[in-house]
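A.B. asks: Below is a structure I'd like to ask you about.
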Amino acid sequence: MKTMDLFDMRETLKTEGILICFAGPFSHGIIEELGNAVRRYLETMQMKKALLMDVFSVFIEQTQNVRNYAQKKLTEGNTEYDFNCGIVIIGRKGNKYVVSSGNIVEKKDLEEAIARLAELNRLDKDGLKAAYREQMRKVIPSGKTTSGLGFIDMSRKASEPLQYSIREINETYCFFTLRAVI
Amino acid sequence: MEKLFLPGTRSTPEISFDGTSGVLTISGESYPENSFEYYKPILAWVSRFAQTHTGPATLNINLNYLNTGSIKSLMDILDYFEEMHGRGGDVVIYWHYDDENDRALETAEDFKAEVTFPFNIIAIKSEAK
């Protein structure tokens, strides 16, 4: 760390319009606490209930995604990184809200997610609804712990296509950032 | 059939299932740490209920929020009701949602489209909550 104080970090958060930021281990307890704080905070902003719940919901989906991924890596016996350590932010962009999360991901695990995002970004609201209903009906292979609905649900709640960025860490790993504008 | 009661927490709903009266109520929030694990015993109960229950059956849903993992499990519960309905059972669902949250109405409609038994969507006034 270059400086001891967090002034620079605070300035960045301010200029980026970030209202809430958390970096650290995503335990279930933290997700609950943060989720609750997010809800209370948004309630003070005089926004519509549906928008508030959309922001909250995307926040929960993103943080639980990071947590589920970390659990998966743990099951695989991969302890190379602390996969449970992630970053999540909620920010404001004009009259819209941004929910974004980032975590370390093994490159080979990303292919499926990226293909899925590209596919979803081509769909309009009705297409997303159809994809959602189809997935609701799909039988989950045993051993899977996720519903496969997360990205579709976020896409339905977002007002713009979901965006992502990938920064390489080394040959095997990268840092994945997902961004939803609501 | 024995009752099933699970108190609600910040991220799990209150489950109040009465096998005798046939009234099953789910209320609160639903975003458990592991949705499938959480709903496993609940689904096991509903499965036995669907096989053995003879009188009318009512499912009350009063959820503020459910994550995508819970959606899948809730669909499974509704499928058991659909099964009872298919065998000529007298089943009904009352799905309550906050009238200020049109997104919650959309969720209710997503579920309604998947089943054929009587499905009532009821708006609850926000301030009454």
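The numbers here are math on the coordinates, done by the rules we state, and not lab data. Only a predicted model underlies this, so the values are computations on that prediction, with no experimental measurement involved. Cβ atoms come from the backbone with ideal geometry, glycine included; neighbour counts cover every protein chain shown.
A.B. asks: Taking the options A:TYR164, A:TYR132, name whichever one is surrounded by 13 or more Cβ atoms within 10 Å (Cβ to Cβ), out of contact with any strand residue (DSSP E or B) (no Cβ under 9 Å at 6 or more places or on another chain), among the aromatic types (Phe, Trp, Tyr) and more than 14 Å from A:GLU61 (Cα to Cα). Walk me through it before giving the result.
C.D. replies: On the way: A:TYR164 fails: out of contact with any strand residue (DSSP E or B) (no Cβ under 9 Å at 6 or more places or on another chain).
The unique qualifying residue is A:TYR132.
A.B. asks: Just checking, which of B:LEU59, B:LEU74, B:LEU24, B:LEU105 is in contact with a strand residue (DSSP E or B) (Cβ under 7 Å, 6 or more places away or on another chain) and more than 20 Å from B:LYS3 (Cα to Cα)? Step through it out loud before you land on a result.
C.D. replies: Details: B:LEU59 fails: more than 20 Å from B:LYS3 (Cα to Cα); B:LEU74 fails: more than 20 Å from B:LYS3 (Cα to Cα); B:LEU24 fails: more than 20 Å from B:LYS3 (Cα to Cα).
Every option except B:LEU105 fails the conditions.
A.B. asks: If you don't mind, there's one more thing I want to ask. Hey, among the residues in region B:100-129 that are surrounded by fewer than 17 Cβ atoms within 10 Å (Cβ to Cβ), assigned to a loop (DSSP other than H, G, I, E, B) and not basic (Lys, Arg), which one's farthest from the other protein chains (Cβ to nearest Cβ)?
C.D. replies: B:PRO118
A.B. asks: Pick from region A:53-107 the residues that are crowded, with 19+ Cβ neighbours inside 10 Å and of a type in the set (Ser, Thr, Tyr): which of them is nearest to the other protein chains (Cβ to nearest Cβ)?
C.D. replies: Among residues in region A:53-107 that are crowded, with 19+ Cβ neighbours inside 10 Å and of a type in the set (Ser, Thr, Tyr), the one nearest to the other protein chains (Cβ to nearest Cβ) is A:SER57.
A.B. asks: Here's a check for you: in region B:1-40, which residue that is part of a loop (DSSP other than H, G, I, E, B) and basic (Lys, Arg) is farthest from A:ASN36 (Cα to Cα)?
C.D. replies: Initially, region B:1-40 is screened for residues part of a loop (DSSP other than H, G, I, E, B), giving B:1-3, B:7-13, B:19-22, B:31-34.
In the following step, the residues that additionally are basic (Lys, Arg) were identified as B:3, B:10.
Numbers: B:LYS3: 31, B:ARG10: 9 Å.
Selected residue: B:LYS3.
A.B. asks: Then there's this: Mind counting the residues in region A:9-40 that are hydroxyl-bearing (Ser, Thr, Tyr) and more than 14 Å from every other protein chain (Cβ to nearest Cβ)?
C.D. replies: Selection size over region A:9-40: 2.
A.B. asks: Can you tell me which residues in region B:4-39 are within 14 Å of the chain's Cα centre (by Cα), charged (D, E, K, R) and within 14 Å of chain A (Cβ to nearest Cβ)?
C.D. replies: If the condition is that a residue be within 14 Å of the chain's Cα centre (by Cα), charged (D, E, K, R) and within 14 Å of chain A (Cβ to nearest Cβ), then B:GLU29 is the only one that fits.
A.B. asks: A follow-up question, please. Take B:THR25 and decide whether it is under 26 Å from B:ALA104 (Cα atoms) and out of contact with any helix residue (DSSP H, G or I) (no Cβ under 7 Å at 6 or more places or on another chain).
C.D. replies: Details: under 26 Å from B:ALA104 (Cα atoms): yes; out of contact with any helix residue (DSSP H, G or I) (no Cβ under 7 Å at 6 or more places or on another chain): yes.
Answer is yes for this residue.
A.B. asks: A follow-up question, please. What's the total number of residues in region A:30-65 that are over 16 Å from A:LEU149 (Cβ atoms) and of a type in the set (Asp, Glu)?
C.D. replies: Residues meeting the conditions: 3.
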